[in-house]
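FYI, it's all coordinate maths here, none of it is from the lab. Keep in mind that what you see is a predicted model, and the values were worked out from it rather than measured. Positions of Cβ are generated from backbone atoms using ideal geometry, with glycine treated the same way; all protein chains shown enter the neighbour counts.
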Amino acid sequence: MKKSIILLGATGSIGTQTLEILEQFPEAFDLVGISGGKQWEKLLDISEKWNVPFVFCDQPGTKTIPKSLDKSHFFFGEEGLSQIAEKNADIYVNAISGIAGVKATEEIIKHHGTNLCLANKESLVMKGLAIMDTIKNNSIQLFPIDSEHSSMASLLEKVQKKRIKKIWLTASGGPFRDATQHPLSSFSSLTAKDALHHPTWTMGPKISVDSATLMNKAFELIEAVRLFDLPPDIFEVVVHPQSIVHSAIETEDGNILMEASSPNMKLPIARALFKARGEEVPEEFSISPFSPFGKSLTFEAVDEERFPSLQLAKKALASGERACEALLRKNDELVEQFLNGEIFFGDILKGLTDTNE
């Protein structure tokens, strides 16, 4: 039986890949609602192709809607977000990037006991305690769309929590991982052009910079603590430049369980969608396989002198949810200045550290 889906953030990277999976499995899903930000033309194209009855655009104001879409219902602005969140759907996918996605998560869980596939980490960083409490008390199932957290969720199904000694959260290390090529002294002159060349993942500018500072991993640590209701000290972030192992669990008997796959977001998306259907990912779905032959997988400790991000996250977690939100908002502010050419790379980490002292 088909499950109805409302996809928020349909025009972004996660949204686009989600649509590709829905297209591959038309018998499993029925797209009944979408949202987008500034890419109005792309939103219209999706609306027309999929014959979507409900369409939301977060940019208020008068929009020209083609006559071919006169049977669709369009919503705009903050009020429109509430209106589309009130629509009934079996599955919601929140792929809205940034702080804007937090309001969407809150609206969805306020109105529905449903399945939420969540790609917006800011929701759990800023409002994780309240959101997870609401989810637990309202028969809502949450499925993470993130390579690391999807992998962790899969591994945690195989291991009892009481047997866990350590959970490894892997990080690529970003473009400045090598201290010989990029010593701490060089951070004061690195620009956005230098930071946007990620070695293993293809991502947007904001998340590419967060990966370079390891702030993305810091926020993923906060997200994991909230999502799995586990203490921060059970997690260990390790640098894994190949981005093949997405997480690992070390048990009390010394055994280590790992999940490895090519760096591709379609697997966690497919996992979340089909888990929301109460199913495993079908055999017909596949991504480019990772072959271990002739390749090396390496793991390194985080250089916390060069990248204090993880300590900032742990300090924020110890201080409470407001501190986590403040850290996220300050990082957003500094990254925007960096991308605009107003500050250098080292100024991001210095600004975050000074704020948290």
Computed over the range 3-144, the relative contact order (Cα-Cα under 8 Å, seq sep at least six) in percent reads 21 percent
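Viscosity 1.002 mPa s, temperature 20 °C: give me the Stokes-Einstein translational D for the range 144-300 in µm²/s, with Rh taken as the Kirkwood radius over C-alpha pairs.
Details: Rh = 16.8 Å.
Value of D from the Cα-based Kirkwood radius: 127 µm²/s.
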The alpha-carbon pair-distance distribution computed for the chain, with 20 angstrom bins and whole-percent values, is 29, 59, 12, 0
Sparse-neighbourhood loop hits (chymotrypsin sites (Phe, Trp or Tyr not before Pro), the range 294-357; DSSP loop; Cβ within 10 Å at most 15 others) -> Phe299
Taking Cα atoms only, helix 309-319 is inclined relative to the longest principal axis of the chain by an angle, in degrees rounded to 10, of 70 degrees
Output for the range 19-121: GluC sites (Glu not before Pro) sitting in coil per DSSP, at most 16 other Cβ within 10 Å, listed by number, reads Glu27, Glu86
For the range 229-245, Karplus-derived ³J(HN,Hα) couplings (6.51, -1.76, 1.60; θ = phi - 60°; whole Hz; x for glycine and proline) come out as 6, 10, x, x, 6, 7, 9, 10, 7, 10, 7, 10, x, 6, 6, 9, 8
Spelling it out for Thr11: with amide H atoms placed in the peptide plane at 1.01 Å from N, the residues 5 or more places away or on another chain with amide H under 5 Å from its amide H are Gly37
Label model pair Ser186, Ser68: point-to-point distance (7 angstrom along the Cα→beta-carbon line) in nm is 5.0 nm
Farthest towards the positive end of the dipole of the chain, among Gln181, Gln83, Gly128 and with Cβ unit charges of +1 on Lys and Arg and -1 on Asp and Glu, lies the Cα of Gln83
Within the set Ser123, Ser262, Ser151, GNM on the chain using Cα springs under 10 Å gives the largest fluctuation to Ser262
Cα extents of the range 3-144 per principal axis, largest first, Å, are 44, 36, 24
Helix 100-111: inclination vs the chain longest Cα principal axis, degrees, rounded to 10, gives 60 degrees
Farthest towards the positive end of the dipole of the chain, among Ser151, Gly33, Ser296 and with Cβ unit charges of +1 on Lys and Arg and -1 on Asp and Glu, lies the Cα of Gly33
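Working out 0.36 nm times the residue gap between Asn264 and His111, then minus their Cα-Cα distance, what length gain in nm do you get to one decimal? Intermediate values should be presented prior to the final figure.
Values: separation 153, 0.36 × 153 = 55.08 nm, distance 3.20 nm.
So the chain would gain 51.9 nm between Asn264 and His111.
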Once phi for every residue in the range 263-278 is put through the Karplus expression 6.51 cos²θ - 1.76 cosθ + 1.60 (θ = phi - 60°), the whole-Hz ³J(HN,Hα) values, with Gly and Pro written as x, are x, 8, 7, 5, 5, x, 5, 4, 4, 4, 4, 7, 4, 5, 7, x
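Compute, for the range 1-98, the length of the dipole vector about the Cα centre, with Cβ point charges of +1 (Lys, Arg) and -1 (Asp, Glu) only. Units Debye, rounded to 20. All intermediate terms of the calculation are to be shown ahead of the outcome.
Details: 9 positive and 13 negative charges, 26 e Å.
Using only the charged Cβ atoms, the result is roughly 120 debye.
What do you get for trypsin sites (Lys or Arg not before Pro) in the range 275-357 restricted to DSSP loop and a cutoff of at most 10 other Cβ within 10 Å of the site's Cβ? Provide the component values of the computation, followed by the final result.
Values: sites: Lys275, Arg277, Lys295, Arg306, Lys314, Lys315, Arg322, Arg329, Lys330, Lys350; in loops: Arg277, Lys295, Arg306.
Those that pass, being in a loop and sparsely packed, are Lys295.
With +1 on the Cβ of every Lys and Arg and -1 on the Cβ of every Asp and Glu, and nothing else charged, how large is the dipole of the chain about its Cα centre, in debye rounded to the nearest 20?
On the way: 37 positive and 49 negative charges, 73 e Å.
So the dipole magnitude of the chain works out to roughly 360 debye.
Using the 10 angstrom Cβ neighbour count as an exposure proxy, how do Trp40, Trp168 rank, fewest first? Mind showing how you got there, number by number?
On the way: Trp40 15, Trp168 22.
Lowest to highest Cβ neighbour count: Trp40, Trp168.
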XL table Lys121/Lys158; Lys3/Lys206; Lys42/Lys217; Lys103/Lys193; Lys103/Lys136; Cα-Cα > 21 Å flagged, in table order, is Lys121/Lys158; Lys3/Lys206; Lys42/Lys217; Lys103/Lys193
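For n ≥ 4 DSSP H runs only, could you compute -39500 (n - 2.57) per run for the chain, divide by its residues and tell me the 222 nm figure to the nearest 500? It would help to have the intermediate numbers written out before the result.
Details: 13 runs with 150 residues, N = 357.
-13000 deg cm²/dmol, from helical runs alone.
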